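Peer 1: This is the structure I want to talk about, given as structure tokens.
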Amino acid sequence: MDQMRTNRAFALAASMNLHRQVESSGAPAITLNAAIAMTLQDSGSDEDTIVAGIIFDLLNQQHGLTPEVIKRDCSAKVLAIAQEFVIEHPSYVPGEDYPSWRQIQEIRISRIHDMSPEAQQIMAAAELHHVLNYLERFERFGQKTAEGLPHSLEDLIWYYERLETVLRLGHYGIVTSRVGELLTVLRAALRLTETT
């Protein structure tokens, strides 16, 4: 593996994610980029996919990172994979309200089967880590986790039900089963909040 290219990708991710946190865990965002890269490497993904897994979400963040920088520092193939994750909502007009979280997630879910195999690997690795983060939070903090979530329990259930349906159509084994496990936890948490 080209360590210099990997280092450049991590440097880009670190600079763009400096003040961001992973929604599912509260950890610094760079930890998700690293976890995805390790998962991709462990599963035998090629170098372009691993590097793209490090920077896949950066073009959506609107911090001035240009496609040219990714192409220069990582490669044209990495840029092409990363561009599959760019969300351009058809009704979004710059200067107006950004699309809702549900609208953005709907677009993401609808694109999964049209993604390249490399982008699908990255998506699966990212979702696996988000699910594991949520499961760990519920295991550690129980019902109090629901109070600190970035989205409502209803929104998360909506998202993971839709994601599970799409994942079942593909071959995402471990990710699909862990999404099912998370849905069980989220539904139980929702029932508890409704009874209190």
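Peer 1: Of Ala124, Leu59, Asn17, which is farthest along the charge dipole of segment 3-195 in the positive direction, counting Lys and Arg as +1 and Asp and Glu as -1 at C-beta?
Peer 2: Going by the Cα projections, it comes out as Asn17.
Peer 1: Another question, then. Within 10 Å of each candidate Cβ there may be at most 14 other Cβ atoms; applying that plus a DSSP loop requirement, which trypsin sites (Lys or Arg not before Pro) in segment 113-196 survive?
Peer 2: Details: sites: Arg137, Arg140, Lys144, Arg162, Arg168, Arg178, Arg187, Arg191; in loops: none.
Loop-located and lightly packed - none at all.
Peer 1: Any idea how far the Cα center of segment 121-196 sits from the one of segment 1-55, in Å?
Peer 2: 22
Peer 1: Efficiency by 1/(1 + (r/R0)^6): what FRET value for Gln3 and Leu192, r their Cβ-Cβ distance, R0 = 30 Å, to the nearest 0.05?
Peer 2: On the way: r = 48 Å, r/R0 = 1.59.
The calculated FRET efficiency here is 0.05.
Peer 1: Could you calculate the contour length gain from Glu136 to Asn60, that is, 0.36 nm times the residue separation minus the distance between their Cα atoms, to one decimal place in nm?
Peer 2: Details: separation 76, 0.36 × 76 = 27.36 nm, distance 2.69 nm.
Full-extension gain reported as 24.7 nm.
Peer 1: Sorting Val86, Val51 on the 10 Å Cβ count, fewest up front, what's the list? Can you show the working numbers first?
Peer 2: Details: Val86 12, Val51 29.
Listed from fewest to most nearby Cβ atoms, that is Val86, Val51.
Peer 1: Would you mind calculating the relative contact order of the chain from Cα pairs under 8 angstrom and at least 6 residues apart, reporting the percent as a whole number?
Peer 2: Details: 192 pairs, mean separation 38.8, N = 196.
It rounds to 20 percent for the chain.
Peer 1: What stretch of the chain, leaving out the sites themselves, is the longest with no GluC sites (Glu not before Pro) in a DSSP loop having at most 13 other Cβ atoms within 10 Å?
Peer 2: Working: sites that count: Glu88, Glu96.
For GluC sites (Glu not before Pro) (loop position, at most 13 other Cβ atoms within 10 Å), the longest site-free span of the chain is 97-196.
Peer 1: Label-point separation (nm) for Glu161 and Glu68, each offset 7 Å from Cα along Cα-to-Cβ?
Peer 2: 4.7
Peer 1: How much of the pair distance distribution for segment 3-195 lies past 29 Å, counting alpha-carbon pairs only, in percent? All intermediate terms of the calculation are to be shown ahead of the outcome.
Peer 2: Working: 4234 of 18528 pairs.
When all Cα pairs of segment 3-195 are counted, 23 percent exceed 29 Å.
Peer 1: Ok, one more. Which residues in segment 71-85 place their backbone N less than 14 Å from a point set 7 Å from the Cα of Ser15 along the Cα-to-Cβ direction?
Peer 2: From segment 71-85, the list is 71-74.
Peer 1: Please sort through the DSSP H helices of the chain and keep those with an alpha-carbon extent of at least 27 Å along the long axis and a Kyte-Doolittle average not below -0.5.
Peer 2: Working: long enough: 117-141 (36 Å, -0.32); 173-195 (34 Å, 0.64).
Length and hydropathy pass: 117-141, 173-195.
Peer 1: Each label point is 7 Å from the Cα along the Cα-to-Cβ direction; what then is the distance between the points at Arg168 and Met115, in nm?
Peer 2: Label at Arg168, label at Met115, 2.0 nm between them.
Peer 1: In which sequence would Phe10, Phe141 go, from the one with the fewest C-beta neighbours within 10 Å to the one with the most? Working shown, then result.
Peer 2: Details: Phe10 17, Phe141 12.
In increasing order of surrounding Cβ atoms, one gets Phe141, Phe10.
Since every read-out is calculated from the coordinates, none of them should be taken as a lab result. Because the structure is a prediction, the values reported are computed rather than measured. Cβ: placed from backbone, ideal geometry, glycine included. Neighbour counts: every protein chain shown.
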